[in-house]
Amino acid sequence: MINNIISALYENADSEKALQMAAYMKDNFSFLGIQKPKRQQITKEFIKEAKKGKAVDWDVVDMLWNLPEREFQYLAVDYLIALKDYVKDEDIEKIEKLITTKSWWDTVDAIASIIVGEMCRKYPELIEKNIMDWAESSNTWLARTAILFQLRYKENTDTDLLSKIIKKNSEEKDFLSPKQSVGF
């Protein structure tokens, strides 16, 4: 089924929109030119079927992540969000790889606030084992994830932890507009 979805996305490419979408992302990524509503329409059945499997197929995630057009990274994130309840604590290294490759706010923020947030809610030991290290990382995207992972916690946000993480990053001048490589 994954090959059918990949083909369907390529078949729906719009080169004019692709140029606009790439420009919006400062030309860091190539695009097919498929905006979110149409992309979700094309991939709806794939996501629905994936949920029935009740397990993350990391080969699918890797395949999508390694394709050149940004819509495939979006699909990988959508897939992981749909299966977030099945992401395990030992998957944190795979998630870290996604955060640090082809990195930009459009994927990192969703991974941080939804996937990493849910992982840390289920496996709080990840906060000490990973998040605190990420908070001190020279990789802007890991530090950003450390700050954002509690975004959906609302009244359950650990404000002391958030304060600690923000203080660790308060000297970072380029935090919101990273100048580092996007990790191709």
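The values are calculated or read from the model by the stated rules, or taken from the named source; none is laboratory data. Computed from a predicted structure; not experimentally measured. A quick note on method: Cβ atoms are made from the backbone with ideal geometry, for glycine too, and the neighbour counts reach across all protein chains shown.
In the condition set (1) of a type in the set (S, T, N, Q); (2) touching a residue at least 40 places away in the same chain (Cβ under 8 Å); (3) not in a loop (DSSP other than H, G, I, E, B), GLN41 is compliant with all but (2).
When the residues of region 154-182 are filtered to those that are at pLDDT 95 or above and in a loop (DSSP other than H, G, I, E, B), the one that is surrounded by the fewest Cβ atoms within 10 Å (Cβ to Cβ) is THR157. Among residues of region 22-34 that are hydrophobic (A, V, I, L, M, F, W, C), those with a beta-carbon under 7 Å from a residue that is in a loop (DSSP other than H, G, I, E, B) and surrounded by fewer than 19 Cβ atoms within 10 Å (Cβ to Cβ) at least six positions away or on a different chain give the pairs MET25/TRP104; LEU32/ALA13; ILE34/ASN12; ILE34/ALA13; ILE34/ASP14.
Looking at this structure, is LYS51 over 17 Å from the mean Cα position of the chain (by Cα), at pLDDT 95 or above and assigned to a helix (DSSP H, G or I)? Considered against the rule, which asks whether it is over 17 Å from the mean Cα position of the chain (by Cα), at pLDDT 95 or above and assigned to a helix (DSSP H, G or I), LYS51 comes out as yes. Report yes if THR100 is polar (S, T, N, Q), within 22 Å of MET25 (Cα to Cα) and within 13 Å of the chain's Cα centre (by Cα), otherwise no. When the stated conditions are applied, THR100 passes them. Among the residues of region 1-23, those identified as surrounded by 11 or more Cβ atoms within 10 Å (Cβ to Cβ) and either assigned to a helix (DSSP H, G or I) or in contact with a His (Cβ under 9 Å, 6 or more places away or on another chain) (or both) are ILE2, ILE5, ILE6, ALA8, LEU9, TYR10, LYS17, ALA18, LEU19, GLN20, MET21, ALA22.
Out of all the residues in region 64-84, is one or more polar (S, T, N, Q), over 27 Å from ALA143 (Cβ atoms) and at pLDDT 95 or above?
Checked against the condition, which is being polar (S, T, N, Q), over 27 Å from ALA143 (Cβ atoms) and at pLDDT 95 or above, region 64-84 yields no hits at all.
The sole residue among LYS54, LYS26, LYS48, LYS44 that is surrounded by fewer than 15 Cβ atoms within 10 Å (Cβ to Cβ), in contact with a helix residue (DSSP H, G or I) (Cβ under 8 Å, 6 or more places away or on another chain) and not assigned by TED's automatic domain parsing to the domain that holds ASN139 is LYS54. Residues in region 63-90 that are closer than 20 Å to ASN130 by Cβ and loosely packed, with under 14 Cβ neighbours inside 10 Å: ASP85, LYS88, GLU90.
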